[in-house]
Structures are given as structure tokens and as C-alpha cells.
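Asker: Before we start, here is the structure in question, set down as C-alpha cells.
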Amino acid sequence: MSPVIAIALVSLGLSALTFVATQITGRRSATASYVLRLEGRVKDLENKVAGLETRNGELVDENIRLMKQLTRERKEGP
Amino acid sequence: MTLRVLRRCLPFIQRWRTLQVSQAALGKYIILFASLLHLAWAGLLVASAAAGDSTPVHILIQVFGGRWRTAIVLVIVSVSALAFLFTRHRVSSLALAFLLVPQQCVLLMSGEAGIRATVIGHYADGVIRAWPFILSDQMPVILTALLYSLAVLEASIE
């Protein structure tokens, strides 16, 4: 085999390996960034749920207060 | 013994991973350097056939079959690599590979020609020199080929 062909073949082989490696790392990287985006979304939703739970607690307290007030007004009259 | 050496090297390796000279990644400068080098080689090949006798270019002329074809190939691989630099965040990993791998292949050919010249003890034009002389002369192209390969892999990681 002539040295020129050998050099060309080795270069092509190494380039092909790099090509495959870029596809693998690119896919992994895309998956990793997708997972990161999902984690961010989950965090947002958790914050939203926490906010809603707080608001729910406030509304329950308000409801109890109004029920007590209503009961008192019915007993005492308007 | 080996473990002790590794333990001592570990802080340096950890520092190297986070080391950067500027805010920008350095891979783009390697790609830019390779593109400018190939454009310069193409220009010199068009200007004079004598440029084709240098070891890194001679192998390309033999592979691509003539200095005009080589000049055209060099311009194409340079332009595609430069195009990658300006479309970095819009291309897929497949497009990235198609834009950068051709230039890497050309660089590897030049680097391997430099290694072969070192091993056989003479340049492509037949000038005989001591192997350390040839190796020190060809080292920039060889290292550029290696660093370019790393830059391509680095570029594929988001």
C-alpha cells in the first residue's frame, strides 16, 4: 500500500470516528439539556402548587371566619 | 506510587477543566486558525506551484490530484468551518459534523504527513534532515490537527 493511500485512509478513519463521537455526544448533550429543561419546569410547577396551597389555606380560613360570622348573626338576628 | 502521583495530579486536572483565558471558549480560535491556514495555503497554491512542495500541502496535492483541486478543496473546507462559527447555535450535531469533519480530515492528513516525514527522515521535496529538526518544524500542524479534533468534540457538547 502506498504511503499516500495509507495516510488518506487513516485520516478518513479518524474523521469517521470523530463523526460518530460528535453524534453520540450531541445526542447525550441534547438529552441532558432536555432533562434540565424538564427539571426547571417541574420546579416552576412545584412553586405554583405551593402558591396555590397557601391561597387555599387563606380561603379556608376566610370561609371559617365567614361561617362563624353568619352563625353569630343568625343567633343574634340582623 | 502510581496512586500517589495521580492524587497529586488531581488538583491540576480539576483546575485545567475549569481553566479559561477568556469568557469565550477557545475552540473557536482553533477553528479560525485552521481556516485561515487553509485559506493561506490555497492562496499560495494558486500563486505558485512551489507551495505544493511543502510537506503538509504535498500530501493533499497527491490525494486530491493537482494543486487547483487542492486549492478548491481547501477553500471549501475553510468556508464550511467558518460558516459553522457563525451558525453555531442554529445547527444540529449532524450539520456540525458535516461542516467541521472535512477540515479535520484535511488537517489530519497534513499532520500524518509531518509524522511520516519525521519517521523517514526527509521532507516531501526530498530534503534530508535530522528527525528532531523535522519534528520541531512539523509540530504546529500536528498539534493543530490534534487540538482541532478536540475542538470538534467540544463543539458537539452544548
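Just so it is clear, none of the values below were taken in a lab; they were calculated from the coordinates. Source: prediction; values computed, not measured. FYI the Cβ positions are ideal-geometry reconstructions off the backbone, even for glycines, and counts take in every protein chain you see.
Asker: Taking only C-alpha pairs under 8 Å that are 6+ residues apart, what is the relative contact order of chain B in percent?
Answerer: 25 percent
Asker: Quick one: A:D61, B:D53, fewest Cβ neighbours within 10 Å first, how do they rank?
Answerer: A:D61, B:D53
Asker: Over all residues in B:132-144, what is the mean tally of Cβ atoms on other chains that come within 10 Å of each residue's Cβ? Let's see the in-between values first.
Answerer: Values: counts 0, 0, 0, 0, 0, 0, 0, 0, 0, 0, 0, 0, 0.
Average per residue, whole number: 0.
Asker: From the residues B:F84, B:F133, B:I72, which one has its Cα farthest along the dipole of the protein assembly as shown in the positive direction, the dipole being from +1 and -1 charges on Cβ of Lys/Arg and Asp/Glu about the Cα centre?
Answerer: Positive-most Cα among the choices belongs to B:F84.
Asker: Between B:I157, B:G52, B:L36, whose Cα lies farthest towards the positive end of the dipole of the protein assembly as shown when Lys and Arg beta carbons carry +1 and Asp and Glu beta carbons carry -1, centred on the Cα centre?
Answerer: It is B:I157.
Asker: Here's something else I'd like to know. Just to be sure I understand: with springs between alpha-carbon atoms less than 10 Å apart, which residue in A:V49, A:V20, A:V35 has the highest mean-square fluctuation in the Gaussian network model of chain A?
Answerer: Sorting by GNM fluctuation, first place goes to A:V20.
Asker: Quick one: compute the contact order of the stretch B:21-76, relative version, from alpha carbon pairs under 8 angstrom and 6+ residues apart, as a percent.
Answerer: Worked out over the stretch B:21-76, it gives 36 percent.
Asker: Could I ask something else about it? Taking θ = phi - 60°, what integer Hz values does the Karplus form 6.51 cos²θ - 1.76 cosθ + 1.60 yield along the stretch B:75-87, in sequence order, with x for Gly and Pro?
Answerer: 5, 4, 5, 5, 5, 5, 5, 5, 4, 4, 4, 8, 10
Asker: In nanometres, what is the gap between the two model label sites at A:K75 and A:L52, each 7 Å from Cα along Cα-to-Cβ?
Answerer: Modelled inter-label distance: 3.7 nm.
Asker: Also, I was wondering about something else. Applying 1/(1 + (r/R0)^6) with R0 = 30 Å to the Cβ-Cβ distance of B:L36 and A:S33, what FRET efficiency is obtained, to the nearest 0.05?
Answerer: Step by step, r from the Cβ atoms, then E = 0.40.
Asker: When you look at the Cβ of every residue in B:102-109, what mean number of other chain Cβ atoms sits within 10 Å?
Answerer: Average neighbour count from other chains, rounded to a whole number: 5.
Asker: Of the residues A:A30, A:A16, A:A50, which exhibits the maximal mean-square fluctuation in a Gaussian network model of chain A defined by a 10 Å Cα contact cut-off?
Answerer: So, out of A:A30, A:A16, A:A50, the one fluctuating most is A:A16.
Asker: Follow-up. Applying the Karplus parametrisation 6.51 cos²θ - 1.76 cosθ + 1.60 with θ = phi - 60° to the phi angles of the stretch A:64-76, what ³J(HN,Hα) value in whole Hz is obtained for each residue in order, glycine and proline being reported as x?
Answerer: Each residue's phi maps through the Karplus curve to give 4, 4, 5, 4, 5, 4, 5, 4, 5, 5, 5, 5, 7 Hz.
Asker: In the Gaussian network model of chain B, springs joining C-alpha atoms below 10 Å, which of B:V57, B:V106, B:V46 carries the largest mean-square fluctuation?
Answerer: Looking only at B:V57, B:V106, B:V46, the biggest GNM fluctuation is shown by B:V46.
Asker: Given Cβ point charges of +1 (Lys, Arg) and -1 (Asp, Glu) and nothing else, what value in debye, to the nearest 20, does the dipole of chain A about its Cα centre take?
Answerer: So the dipole magnitude of chain A works out to roughly 100 debye.
Asker: Along the charge dipole of the stretch A:21-78, which of A:M67, A:T22, A:G77 sits closest to the positive end, that is, farthest toward it, with unit charges on the beta carbon of Lys, Arg, Asp and Glu (+1, +1, -1, -1)?
Answerer: Positive-most Cα among the choices belongs to A:T22.
Asker: Under a cut-off of 21 Å between alpha-carbon atoms, report the lysines in cross-link reach of A:K48, not counting same-chain residues fewer than 8 places apart.
Answerer: none
Asker: Distance from the Cα centre of the stretch B:120-138 to that of the stretch A:45-78, in angstrom?
Answerer: Using only Cα atoms to place each centre, the spacing works out to 89 Å.
Asker: Another question about this same structure. List B:H122, B:H38 from most exposed to least, where exposure is judged by having the fewest other Cβ atoms within 10 Å.
Answerer: B:H122, B:H38
Asker: Spelling out what I want: for every residue of the stretch B:48-63, take phi, set θ = phi - 60°, compute 6.51 cos²θ - 1.76 cosθ + 1.60 (Karplus), and round to whole Hz; glycine and proline get x.
Answerer: Along the stretch B:48-63, the couplings run 8, 6, 5, 4, x, 7, 5, 4, x, 8, 4, 4, 5, 5, 5, 6 Hz.
Asker: Charges at C-beta only: +1 for Lys and Arg, -1 for Asp and Glu. How large is the resulting dipole of the stretch B:58-158 about its Cα centre, in Debye rounded to 20?
Answerer: It works out to roughly 220 debye.
Asker: Using unit Cβ charges (K, R positive; D, E negative) and no other charged atoms, how large, in debye to the nearest 20, is the dipole of the protein assembly as shown about its Cα centre? Let's see the in-between values first.
Answerer: Details: 24 positive and 15 negative charges, 123 e Å.
For the protein assembly as shown, the charge dipole is close to 600 debye.
Asker: Moving on. Which order, highest average first, do A:2-11, B:142-151 follow once you tally other Cβ atoms within 10 Å for each residue and take the mean per peptide?
Answerer: B:142-151, A:2-11
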